[in-house]
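As structure tokens, the structure follows; a few thoughts come after it.
The values are calculated or read from the model by the stated rules, or taken from the named source; none is laboratory data. Predicted model, so just to flag it, every value in this text is computed and none were measured. Using ideal geometry, Cβ is built from the backbone for each residue, glycine included, and neighbour counts are taken over all protein chains shown.
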Amino acid sequence: MSHQSELIAEDIDAYLKQHEQKELMRFLTCGSVDDGKSTLIGRLLHDSKMIYEDQLEAVKSASAKHGTTGEKVDLALLVDGLQAEREQGITIDVAYRYFSTTKRKFIIADTPGHEQYTRNMATGASTCDLAIILIDARYGVVTQTRRHTYIASLLGIKHVVVAVNKMDLLDFDESAFDQIKADYREFSAKLGMNDSDIHYVPMSALDGDNVVNRSERADWYSGQTLMEILESVHITGDKNVDDFRMSVQYVNRPNLDFRGFCGSVASGVVAVGDEVMALPSGKSSKVKSIVTYDGDLPRAFVGQAITLTLEDEIDISRGDMLVQASSGVAQANHLQAHLVWMSEVDAKPGNQYLFKFASKLVTGKLDAINYQIDVNTQEQKAVDSLQFNDIALADVVLEQSVVIDAYATNRATGAFIVIDRLTNVTVAAGMVTSALDDAVIAPSAAVSEFELELNALVRKHFPHWGAADLKTLLK
């Protein structure tokens with residue numbers, strides 16, 4: 001449902017056009033169990049007039065049966081829709097909700113607080129621009145708070161709102177808020193998080209204090225409400241607009257006169273006339289047209305789903321990557337990455353898995369576990385295997401080379417998932433830190449067509465070769 005607007009009644013087409021052009025923000029709520037994540041989202045929707053009357057009546061009815069807030073309406077039931085969630089009063093699966101205001105459109109991911117469902121939290125965080133870390137004012141910063149903060153920082157979420165909830169149970173004690181703020185700052189500093197991107201808000205999700213409306217009970221707090229932060233935080237600069245990357249998801253060949261390469265722009269900008277290179281072949285061509293459902297475009301930006309046609313006939317298949325022809329791009333089959341292990345089956349060096357980078361699926365193995373990271377102390381521990389919910393730095397060896405960037409510079413091409421080969425279950429999320437044995441391809445006028453073809457041939461038949469081997473061969 002969208003926000004209430006008089007323009008809907010006056011000119012629906014103008015309203016839809018205005019709504020379409022609003023900036024989209026994705027954010028998630030996370031923290032320890034029973035910190036009030038679902039209640040906070042319910043309060044956001046309720047106080048910003050995002051709930052239909054029949055929905056509210058259904059929640060009131062369900063509150064009498066499943067509610068945990070006494071005589072008050074349990075707004076958490078707006079999000080916790082599974083029967084098991086309502087019976088236990090917890091969030092199990094990631095629940096997504098959509099709403100908008102006059103300034104922005106929002107997609108909310110309500111993630112579980114239980115340690116058992118940490119993998120669901122990592123899934124919800126993977127596409128978010130901002131994280132709301134809820135903290136129960138009575139208990140302060142706890143282990144799960146640190147775990148979720150660490151995962152959010154690993155996944156490249158730059159903007160964080162620390163929502164100190166249930167302040168009403170402490171009569172909005174300013175000293176308690178200041179202590180939690182100091183504890184969280186000490187922990188976030190160890191992670192290298194920018195304190196200017198962290199906002200601290202004292203609130204009561206149950207009563208609505210400082211969620212959408214300013215609290216009269218916390219007159220000592222002069223900062224923004226949660227909604228004001230969500231509407232004003234700057235996220236445009238977070239996207240990588242320098243390095244064009246587009247993973248080919250589908251080759252569109254409806255007739256003899258058209259061959260288009262479909263995909264979403266993962267990063268950067270592409271325009272008609274730009275020279276692009278297809279990897280792993282290394283062949284280059286110029287963009288002939290950028291086709292969309294609504295018509296051709298002169299250029300396309302991050303996040304847009306497009307079809308590119310090229311001036312030359314190049315053999316490009318699903319899983320190939322289109323990049324700027326003038327930029328250096330690393331292809332590697334030996335890389336180092338942070339892993340968030342999500343399976344109850346332990347991972348050991350030498351185990352074989354499937355690794356999915358964008359639309360490319362390759363086989364490989366976990367080569368070595370460098371160390372496991374203690375989320376509380378940041379201590380690096382030597383381990384022989386990875387267990388459920390472990391976070392570690394590991395080396396991975398692939399049977400084929402893939403195009404990668406460091407996750408810190410490009411979330412789209414620096415991320416991957418690990419899949420069990422027998423069950424087809426996703427067992428880990430990975431964030432690339434560096435290529436350990438890479439070949440950087442940067443075509444220029446000095447690079448011959450022969451060198452490009454030789455490069456592609458060697459990478460196909462000798463994927464274990466590194467940059468030094470290729471340079472020796474070219475000599």
Legend entry - Residues (assigned to a loop (DSSP other than H, G, I, E, B), surrounded by 12 or more Cβ atoms within 10 Å (Cβ to Cβ) and modelled with pLDDT of 85 or more) located in the range 375-388: Val383, Ser385, Gln387, Phe388
Inset, instruction - Would you mind stating whether Ser359 is under 21 Å from Asp243 (Cα atoms), of a type in the set (S, T, N, Q), in contact (Cβ under 8 Å) with a residue 60 or more places away in the chain and in the same structural domain as Val425 (by TED's automatic domain parsing)? - result: yes
Inset, instruction - Report whether or not Asp242 is acidic (Asp, Glu), at negative phi and part of a helix (DSSP H, G or I). - result: no
Inset, instruction - Just give me the residues in the range 179-231 being over 18 Å from Thr149 (Cβ atoms) and polar (S, T, N, Q), in sequence order. - result: Ser204, Asn210, Asn213, Ser215, Ser222, Gln224, Thr225
Inset, instruction - Look at Ser284 and say whether it is over 29 Å from the mean Cα position of the chain (by Cα), in a strand (DSSP E or B), over 30 Å from Lys49 (Cα atoms) and not aromatic (Phe, Trp, Tyr). - result: yes
Inset, instruction - Restrict the check to the range 268-286 and report whether at least one residue is among the small types (Gly, Ala, Ser), in contact with a Ser or Thr (Cβ under 7 Å, 6 or more places away or on another chain) and over 18 Å from Gln331 (Cα atoms). - result: no
Inset, instruction - May I ask you to list the residues in the range 312-332 that are touching a residue at least 40 places away in the same chain (Cβ under 8 Å) and surrounded by fewer than 18 Cβ atoms within 10 Å (Cβ to Cβ)? - result: Glu313, Ser317, Arg318, Ser326, Ser327, Gly328
Inset, instruction - Identify, by number, the condition in (1) closer than 30 Å to Val302 by Cα; (2) over 21 Å from the mean Cα position of the chain (by Cα); (3) not in a strand (DSSP E or B) that Gly350 doesn't meet. - result: (1)
Inset, instruction - Restrict the check to the range 197-205 and report whether at least one residue is modelled with pLDDT under 90, over 20 Å from the mean Cα position of the chain (by Cα) and crowded, with 16+ Cβ neighbours inside 10 Å. - result: yes
Legend entry - Enumeration of residues in the range 304-314 that are more than 24 Å from Glu20 (Cα to Cα) and either in a strand (DSSP E or B) or out of contact with any Ser or Thr (no Cβ under 8 Å at 6 or more places or on another chain) (or both): Thr309, Leu310, Glu313
Legend entry - Residue tally, condition farther than 15 Å from Ile41 by Cα and either in contact with a strand residue (DSSP E or B) (Cβ under 6 Å, 6 or more places away or on another chain) or assigned to a helix (DSSP H, G or I) (or both), over the range 161-184: 15
Inset, instruction - For Ala332, indicate whether it is within 28 Å of Gly192 (Cβ to Cβ), in a strand (DSSP E or B) and among the small types (Gly, Ala, Ser). - result: yes
Inset, instruction - Output the number of residues of the range 338-358 satisfying the condition of being farther than 30 Å from Phe187 by Cα and crowded, with 16+ Cβ neighbours inside 10 Å. - result: 7
Inset, instruction - Check the range 287-303 and report whether any residue there is assigned to a strand (DSSP E or B), polar (S, T, N, Q) and over 30 Å from Phe106 (Cα atoms). - result: yes
Legend entry - Matching residues, the range 235-253, being surrounded by fewer than 19 Cβ atoms within 10 Å (Cβ to Cβ) and at pLDDT 90 or above: Gln249, Tyr250, Val251, Asn252, Arg253
Inset, instruction - Determine which member of the set Leu155, Leu170, Leu226 is within 30 Å of Gly328 (Cβ to Cβ) and of a type in the set (A, V, I, L, M). - result: Leu155
Inset, instruction - Report, by residue number, each residue of the range 237-275 that is within 19 Å of Asp405 (Cβ to Cβ) and among the β-branched types (Val, Ile, Thr). - result: Val241, Val248, Val265, Val269, Val270
Legend entry - Answer residue from the range 254-277, given it is over 18 Å from the mean Cα position of the chain (by Cα) and not in a strand (DSSP E or B) and is surrounded by the most Cβ atoms within 10 Å (Cβ to Cβ) among those: Asp274
Legend entry - Failed item in (1) in contact with a Leu (Cβ under 9 Å, 6 or more places away or on another chain); (2) among the hydrophobic types (A, V, I, L, M, F, W, C); (3) without any contact (Cβ under 8 Å) to a residue 40 or more places away in the chain, with Phe177 passing the rest: (3)
Inset, instruction - Identify, by number, the condition in (1) assigned to a loop (DSSP other than H, G, I, E, B); (2) touching a residue at least 24 places away in the same chain (Cβ under 8 Å) that Phe187 doesn't meet. - result: (1)
